[in-house]
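Single-structure report; data block below.
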Amino acid sequence: MLKAVDVNLDAGEMVLKLEKDSAPKRIEYSKLERLELARESVRKLLRTVEVKVIKLHVRGMENTVVIASDKVGDYDYVEQYLKKIAEKYEITVEQ
């Protein structure tokens with residue numbers, strides 16, 4: 001799984017800065033197969049915190065890209081925007 005630390009949503013594509021990559025990854029919205037909206041438990045120091053995540057399944061990529069609310073600023077805006085994109089491109093959204 002690839003974890004995004006920065007998301008830039010443009011009109012025709014999104015640009016993701018991934019945790020272990022130095023170069024940003026460009027993903028066209030038309031290449032998205034499905035979105036999964038979920039919650040996951042993440043260990044933070046001495047406690048476990050539940051965070052919201054979006055799992056992006058992209059055509060042509062074997063790894064899933066994960067956008068987590070604890071890593072990305074303004075997560076709620078990203079989630080709402082991707083829901084609109086999913087509606088526009090008829091992408092399946094699983095919750």
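List of remarks:
- The range 55-78 residues that are at positive phi, paired with ones that are not small (G, A, S) (beta carbon under 9 Å, 6 or more apart): G60/K31; D74/V7
- Residue within the range 54-66 that is more than 18 Å from K25 (Cα to Cα), surrounded by 12 or more Cβ atoms within 10 Å (Cβ to Cβ) and not β-branched (V, I, T) present: no
- Which numbered condition K20 misses (of (1) under 22 Å from V93 (Cα atoms); (2) open to solvent by 90 Å² or more (accessible area, probe 1.4 Å); (3) at pLDDT below 95): (1)
- Scanning the range 33-64 for residues that are assigned to a strand (DSSP E or B), acidic (D, E) and farther than 16 Å from A86 by Cβ turns up E40, E50.
- Scanning the range 35-53 for residues that are surrounded by 14 or more Cβ atoms within 10 Å (Cβ to Cβ) and of a type in the set (D, E, K, R) returns E36, E40, K52.
The values are calculated or read from the model by the stated rules, or taken from the named source; none is laboratory data. Predicted, not measured: the structure shown is a model, and the values here were computed from it. Every residue, glycine among them, receives a Cβ derived from its backbone with ideal geometry; neighbour counts consider all protein chains shown. Calculation scope for accessible area: heavy atoms of the full protein, side chains included, ligands and nucleic acids excluded. Shrake-Rupley method; radii C 1.70, N 1.55, O 1.52, S 1.80 Å.
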